[in-house]
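**Q** Once you've had a glance at the structure underneath, I'll fire off some questions.
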Amino acid sequence: MIRKTWICTLLAAVVAAPAFSLDWVTDFDAAKAQAAKEGKAVLVDFTGSDWCGFCIKLKKEVFDSPEFDAYAKDKFVCLEIDLPQGNKISAEQKKINEELSEQYNVDGFPSIFVMTPQGYVVGGFCGFRAMPEVQRALDAGLANAKAIADAEKQGNEARVDAMFKVWKGLGDELAGSARQLRDDLVKLDVNDRCGLRARKQAEEEIRDVQKQLQDCVQEAGSKGLKDALALLESKQGSLMEQNRHAAIQIKTSMMFLLCETQEDLNRMRDTLVAELKALDPAKYDAEQIEQDIQRITQIAKDGQQALDYAKDSRESMDERAEAAKAAEREAAEEARLQSEGATKLEWGTDLAAAKEQAAKENKPILLLFTGSDWCGACIALHKEVFDKVRFAAYARDKFIPVEIDCPHGNKMSEEQKKANNDLAEKMHVEGFPSVLVLTPQGTVAGGFVGSQDFAGVQEDLDIALKNVKTIADAGKLAPEARAKALAELYRSLDEDVLPMAAGLEEEIAKLDPEDKTGLRHERELKAKRAQLKEHVMSLLMQKGATAAIPEFIRFCDTELATATDDDYKLCLIEAKTTFLFVGAQTKEDIAKMRETLAADLQKVDQSKANAEHYADVKACPFETDEEGLELAKKYREALEQLNKEEQE
């Protein structure tokens, strides 16, 4: 018995053990020290391990593979810099990782860097790549690291040459992360043979100007544009020569945003074109100058279209400025509440118990379906809204909060996990996070799917609270009036919430067996439209656009011959006309499409069909035949590309 137990334990250990054991450390300074001691490079993975799909895919398919283990174990000290949205690491470690991310100018995940023991970025890539591409990128980084290390033994000049060659070869994708390499190169290159000192000074100067301009519009929005433009113009004459073209490019954006009339556009064109032509083409990129002149001239020609875009941009600036002010106010309110001892909202986990409490206290239930260890939007919603003491102050007296977590990991027992997943399935939860407001009796009264900011969450929950009252008031009405009130409420629900409001739909159906509210007809029509879409997508994926278009048109004709519902007829005609249009390659095809549409619409009784839908189907989506043919061609190409991607 003892021998058998020992053997079983050994076998279990062997089966459980991975075939590879590449060790990823998390301490940046320790990784550099180890690399220096062992004569290796540092492989750094800036990742978002619980929210970034490509990070997870890269780790699973490449970094956790035995092939990568065999390749990397003798070449690198592997360092993981994780920036999760959840609580996988301590707040202290997260702060360190965020500072490193900022230090190395990481603006996309995953970002993979090959570093020397000094911390120089000498290679790498951003995004997901398969093992062969990963190896090529890392091999290039290793070669760069070796070139710098070898040059260190040959004197300062050789070291400068090697570092400059590496820096030049990194390209735009990695140059921003290699600032330490560049800065040390500038220090070593005392005579500025590489020209990087002047370049660095120019970059710092233009960055400082941009920050000052940004400060002008940060809080004032579009109202700060004139001050920003005046500030830029006051600095133009004193800028380093390398920055004068860049200054004109910045000025172009600001002058354009200030344009409100055609005269403004013309003035902008004349001013900027004159400034660009005054630049010495021998000192600047002549081709880029010419492109800028053409672009500015075209903007002036675009007239009202350009003015509309400028107006929309000013409005967006004002919205961002208001949002920034609101965020400051919210942060101040959060700090005040915390200083007064306010606490976060406590969430229950038992829906049955919550229903009992809701009935007893006559409060609605705030029901959250979340994936706390895998769903980025869920994690963000908790962090940015539900974990705020401001939200607790808003929600505590209004709701009975319940959180149904559906994690992928082992945060709870398998029994509880199954119960939560079963509940999500029973309530037709199709997306995470799903936030629902239920009446004390358990009827869905509103909510939303996905992450939102604090204001958006509060707005949706306030609407849901009004719906709770509407449902309660409707309970006092006669069946027909109650059905009408509930149908109106049902139609107001967010499209993503409707599948979870099946109970409300069933209640309306019982109250309105003759469908006087028209809700059943609407739902049936929606289901038919979904079937149409599914059918056409199936044809496109199986046969491609060229073969699918005539087959789908024949299908629509067959359905039209037997259809009795005029709204469904409109759906068929709309779909058929769309594909007649997409298949059109000549003006004769466009004319035939119009004739067919007119004939098909004769089959529809306008008095029984939705008037707005009828008008939409009848309307032409393009002004001229030439425009229509060009648009049809683009649609065909897009459909063929979609089919190609699906096949691949």
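Please treat every number below as a calculation from the coordinates, not as lab data. This structure is a prediction, so every number in the text was calculated from the model and none was measured. Note that each Cβ is placed from the backbone with ideal geometry, even for glycine, and that neighbours are counted across all protein chains shown.
**Q** Which residue, chosen from Phe386, Cys126, Ser413, occupies the Cα position most advanced towards the positive end of the dipole of the chain, where the dipole is computed from +1 (Lys, Arg) and -1 (Asp, Glu) charges on Cβ about the Cα centre?
**A** Of the candidates, Ser413 comes out farthest on the positive side.
**Q** So between Glu330 and Ala91, what do we pick up on full extension, going 0.36 nm a residue minus the alpha carbon distance?
**A** 83.8 nm
**Q** Explain nothing, just the number: dipole magnitude of the chain about its Cα centre with +1 on each Lys and Arg Cβ and -1 on each Asp and Glu Cβ, in debye rounded to the nearest 20.
**A** In debye, rounded to 20, the chain gives about 1140.
**Q** So, one more: Counting only helical runs of four or more DSSP H residues, what would the 222 nm mean residue ellipticity of the chain come to if each run contributes -39,500 (n - 2.57) and the total is spread over all its residues?
**A** Mean residue ellipticity, 222 nm, calculated: -21000 deg cm²/dmol.
**Q** Can you give me the C-alpha center-to-center distance between segment 250-265 and segment 122-160, rounded to a whole angstrom?
**A** When both Cα centres are located, 45 Å separates them.
**Q** By how many nm would the segment from Asp184 to His408 grow when fully extended, if each residue of separation counts as 0.36 nm and the alpha-carbon distance is taken off?
**A** Length difference between fully extended and current span is 76.1 nm.
**Q** Mind checking which of Val437, Ala424, Ala395 is farthest towards the positive end of segment 367-457's charge dipole, using Cβ charges of +1 (Lys, Arg) and -1 (Asp, Glu) about the Cα centre?
**A** Ala395
**Q** Still on this model: Does anyone have the angle between helix 286-302 and the longest principal axis of the chain? Alpha-carbon axes, 0 to 90°, nearest 10?
**A** 30 degrees
**Q** Note down the magnitude of the dipole of segment 519-558 about its Cα centre, charges +1 on Lys and Arg C-beta and -1 on Asp and Glu C-beta and zero elsewhere, to the nearest 20 debye.
**A** Using only the charged Cβ atoms, the result is roughly 160 debye.
**Q** Show me the trypsin sites (Lys or Arg not before Pro) within segment 173-245 that DSSP assigns to loop and that have at most 12 other Cβ atoms within 10 Å of their Cβ.
**A** Arg193
**Q** Something else now. Give me the net charge of Ala327's neighbourhood, meaning all other residues with Cβ under 14 Å from the Cβ of Ala327; Lys, Arg count +1, Asp, Glu -1. Could you put the intermediate results ahead of the total?
**A** On the way: positive: Arg320, Lys325, Arg329, Lys388, Arg390; negative: Glu219, Glu319, Glu322, Glu328, Glu330, Glu333, Glu334, Glu384, Asp453.
Neighbour charge sum, excluding Ala327 itself: -4.
**Q** Now, a different point. Straight-line reach from Lys510: which lysines fall under 23 Å, measuring Cα to Cα and dropping same-chain residues less than 8 apart?
**A** Here the lysines satisfying the reach criterion relative to Lys510 are Lys426, Lys469, Lys476, Lys484, Lys526, Lys528.
**Q** How are the C-alpha pair distances of the chain spread across 20 Å bins, as whole percents from the shortest bin up?
**A** Spelled out per bin, shortest first, that is 13, 31, 41, 14, 1.
**Q** If you take the charge dipole of the chain about its Cα centre, with +1 on Lys and Arg Cβ and -1 on Asp and Glu Cβ, which of Ala151, His245, Ala478 is farthest toward its positive end?
**A** Result: Ala151, furthest along the dipole toward the positive end.
**Q** Now, a different point. How charged is the neighbourhood of Leu142? Take every other residue with its Cβ under 13 Å from the Cβ of Leu142, and add Lys/Arg as +1 and Asp/Glu as -1. It would help to have the intermediate numbers written out before the result.
**A** Numbers: positive: Lys40, Lys75, Arg136, Lys146; negative: Asp74, Asp139, Asp150.
Overall, the nearby charge balance is +1.
**Q** Only sites in a loop by DSSP and with at most 15 other Cβ atoms within 10 Å count here; which trypsin sites (Lys or Arg not before Pro) in segment 494-547 make the cut? Walk me through the intermediate numbers first.
**A** Numbers: sites: Lys510, Lys516, Arg520, Arg523, Lys526, Lys528, Arg529, Lys533, Lys543; in loops: Lys516.
Of the trypsin sites (Lys or Arg not before Pro), the ones in loops of segment 494-547 whose Cβ has at most 15 other Cβ atoms within 10 Å are Lys516.
**Q** Related question: Filter the chymotrypsin sites (Phe, Trp or Tyr not before Pro) in segment 544-609 down to the DSSP loop ones having no more than 15 other Cβ atoms within 10 Å, then list what survives.
**A** none
**Q** Evaluate the charge dipole of segment 387-510 about its Cα centre and quote only its size in Debye, nearest 20, assuming +1 on the Cβ of each Lys and Arg and -1 on the Cβ of each Asp and Glu.
**A** Around 440 debye, computed over segment 387-510.
**Q** Below 9 angstrom from the Cβ of Asp565, what's the summed charge of the other residues (Lys, Arg +1; Asp, Glu -1)?
**A** My count for the surroundings of Asp565 gives 0.
**Q** So what is the relative contact order of segment 145-302, in percent, for Cα pairs below 8 Å that sit 6 or more residues apart?
**A** 13 percent
**Q** Next up: So what are the three principal axis dimensions of segment 459-592 from its Cα atoms, in whole Å, longest to shortest?
**A** 61, 34, 27
**Q** Can I ask one more? Using the beta-carbon distance between Thr26 and Glu495 and R0 = 45 Å, what value does 1/(1 + (r/R0)^6) give for FRET efficiency, to the nearest 0.05?
**A** On the way: r = 43 Å, r/R0 = 0.96.
E(calc), rounded to 0.05, equals 0.55.
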